[in-house]
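Colleague: I am attaching a structure below and will ask some questions about it afterwards.
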Amino acid sequence: MRDEGIENLLTRHRLPDPVYVTRPTMPELSSYHSHLEEIWRSRWLTNDGRFHSEFEDKLRQYLHVEHINLFVNGTIALLVALQALDIDGGEVLTTPFTFPATIHVLHWNRITPVFCDIDADTFNIDPTGLERRITPDTKAVLAVHVYGIPCDVEAIQSIADRHGLHVIYDAAHAFGVNVGDRSIVKYGDISALSFHATKLFTTIEGGALVSGTERERERIRFLKNFGISDEEHVIGPGINGKMNEFQAAFGLLELELVDQEIENRRRLTQLYRRHLEGIKGLKYPNDVPGVRHNYGFFPVLVEPGAFGTDRSRLSDLLRLCNVFPRKYFFPLCSRYPCYSSLPSASPGNLPTATMVADRVLCLPLYGDLEESVVKTICGIIETIHTETTKR
Ligand code: T4K
């Protein structure tokens with residue numbers, strides 16, 4: 001069938017309203033309003049206010065961690081994590097399959113990213129390739145739990161221990177993920193969370209650093225507040241990374257909703273899996289035994305030969321039906337003009353990452369997405385597969 005034929009056929013499936021890749025969970029407006037009234041009364045807007053301390057405490061309890069600092073966003077949190085560990089210059093081993101923030105924070109700390117390939121099943125940095133990239137300038141591993149799927153934390157840590165490297169985890173996608181009984185953010189020296197509006201747990205913009213020791217936590221606290229230790233002393237070159245009261249109040253209300261949000265996303269993920277199961281050329285990650293997943297994303301890999309068309313055409317056809325998936329993370333960070341001339345950025349060094357970035361499509365997933373919409377999206381995908389393999 002010609003492409004116009006498919007397009008005509010798909011008009012039948014067009015959804016009345018746009019369905020985006022994600023949508024934030026919102027607390028009751030009246031609850032937020034009463035927090036706002038309190039902020040108005042107190043006129044305490046930022047800098048360690050009452051909502052900030054309550055949210056920090058509740059988050060510490062929720063994540064079962066001891067040392068946490070809230071941030072204005074996940075990117076500044078990552079930037080400060082590197083400073084807190086004195087990683088300023090040199091090389092850091094990292095993944096090209098991530099959001100730009102992960103790599104840009106290295107650049108902003110004058111660090112050269114050394115791109116390493118990823119694992120085809122987890123989409124995370126492949127520990128088997130790490131050791132051969134270590135040089136006398138290597139300072140750390142900056143790994144990402146992409147889509148909330150845990151990295152091979154044990155393998156990464158043992159390599160880091162052997163070579164005296166720090167380990168930082170970009171856990172922007174991994175809120176609420178546990179390995180066994182242990183929160184994923186307890187691995188490595190420091191983990192960075194993002195609470196951006198597109199995340200399953202949000203404070204509008206926001207983030208946090210979870211560190212291993214109270215000493216690090218204190219250092220991070222100074223670094224995110226201009227290095228100020230008291231009204232007359234500045235102990236180092238800090239930055240402004242503070243979360244404000246409006247974000248913290250929002251976060252407090254979101255914490256009450258997050259377990260239900262994860263459960264709703266789990267149910268919808270299973271629905272997607274059930275309805276896509278028989279379609280050739282599609283691959284998606286399954287649950288890892290012993291891991292509590294958060295179902296932050298629903299990534300699908302499209303193998304064009306077996307599916308009938310490629311990921312980009314599938315994305316375009318879904319858009320015609322008012323469905324807006326995203327190619328997270330295409331292009332690879334190693335393809336950005338600012339990094340593409342690095343020796344480690346060559347696609348030949350990154351075959352799996354290149355293949356995954358060329359095939360991945362994240363389908364809409366959020367807690368109040370209707371089951372009927374998930375079924376319609378799967379129906380559209382099935383129609384595209386049937387029609388494109390007919391020719
Ligand atoms: N590390 C990793 C691995 C990350 O993925 C991220 C951020 C970071 C670090 C940095 O953390 P932050 O500094 O952001 O805290 C979005 C987010 O802006 C970004 O936070 C996130 N990762 C990334 C995966 O996604 P865009 O440019 O794709 O977002 P945008 O504006 O196109 O939104 C996507 C869809 O979400 C929209 O089509 C509709 C929906 N949406 C979006 C917003 C902003 C809403 O429904 N409401 C909203 O308010 O980057």
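The values are calculated or read from the model by the stated rules, or taken from the named source; none is laboratory data. All values derive from a computational prediction rather than experimental measurement. We place every Cβ from the backbone using ideal geometry, glycine too, and count neighbours over all the protein chains shown. All accessible areas refer to the heavy atoms of the entire protein, side chains included, with ligands and DNA or RNA removed. Shrake-Rupley method; radii C 1.70, N 1.55, O 1.52, S 1.80 Å.
Colleague: Answer yes if at least one residue in the stretch 344-366 is under 19 Å from the mean Cα position of the chain (by Cα), among the aliphatic types (A, V, I, L, M) and farther than 18 Å from VAL21 by Cβ, and no otherwise.
Modeller: Checked the stretch 344-366: at least one residue is under 19 Å from the mean Cα position of the chain (by Cα), among the aliphatic types (A, V, I, L, M) and farther than 18 Å from VAL21 by Cβ.
Colleague: State which residue is nearest to the ligand (Cβ to nearest atom) when the search covers only the stretch 309-334 and only residues that are open to solvent by 60 Å² or more (accessible area, probe 1.4 Å) and assigned to a helix (DSSP H, G or I).
Modeller: My answer is ARG319.
Colleague: Checking ALA120 against (1) over 25 Å from PHE250 (Cα atoms); (2) more than 16 Å from the ligand (Cβ to nearest atom); (3) not in a loop (DSSP other than H, G, I, E, B), which test does it fail?
Modeller: So ALA120 meets the others, but not (3).
Colleague: Here is a further query. Tell me, yes or no, whether the stretch 63-76 has at least one residue that is open to solvent by less than 20 Å² (accessible area, probe 1.4 Å) and within 13 Å of ILE239 (Cα to Cα).
Modeller: yes
Colleague: Those residues that are touching an Asp or Glu at 6+ places or on another chain (Cβ under 8 Å) and in a loop (DSSP other than H, G, I, E, B), I need them from the stretch 1-43; list them, please.
Modeller: Within the stretch 1-43, MET1, ARG23, THR25, PRO27 meet the criteria.
Colleague: Let me ask another. I need every pair where a residue in the stretch 218-239 that is touching a residue at least 12 places away in the same chain (Cβ under 8 Å) has its Cβ under 6 Å from the Cβ of a residue that is of a type in the set (Phe, Trp, Tyr) and open to solvent by 70 Å² or more (accessible area, probe 1.4 Å), sequence separation at least 6 or different chains.
Modeller: GLY238/PHE226
To keep it simple, each residue is scored yes or no on (1) over 25 Å from GLY296 (Cα atoms); (2) among the β-branched types (Val, Ile, Thr).
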position: ARG311; (1), (2): no, no
position: ASP316; (1), (2): no, no
position: ARG319; (1), (2): no, no
position: VAL323; (1), (2): no, yes
position: LYS327; (1), (2): no, no
position: SER341; (1), (2): yes, no
position: VAL356; (1), (2): no, yes
position: LEU361; (1), (2): no, no
position: LYS375; (1), (2): no, no
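Colleague: Being open to solvent by 20 Å² or more (accessible area, probe 1.4 Å), over 30 Å from ILE159 (Cα atoms) and within 16 Å of the ligand (Cβ to nearest atom), is that true of even one residue in the stretch 28-37?
Modeller: Within the stretch 28-37 (the criterion being open to solvent by 20 Å² or more (accessible area, probe 1.4 Å), over 30 Å from ILE159 (Cα atoms) and within 16 Å of the ligand (Cβ to nearest atom)), the answer is yes, since at least one residue qualifies.
Colleague: Follow-up question, since we're still on this one. On the given criteria, is ALA155 in contact with a Pro (Cβ under 8 Å, 6 or more places away or on another chain) and under 15 Å from LEU78 (Cβ atoms)?
Modeller: no
Colleague: Right, something else. Please tell me if PRO289 is surrounded by fewer than 21 Cβ atoms within 10 Å (Cβ to Cβ), outside any strand (DSSP E or B) and not assigned by TED's automatic domain parsing to the domain that holds ILE39.
Modeller: So PRO289 fits the description; yes.
Colleague: Related question: For the stretch 102-117, which residues satisfy the criterion of being within 16 Å of the ligand (Cβ to nearest atom) and open to solvent by 20 Å² or more (accessible area, probe 1.4 Å)?
Modeller: Result: HIS104, HIS107, TRP108.
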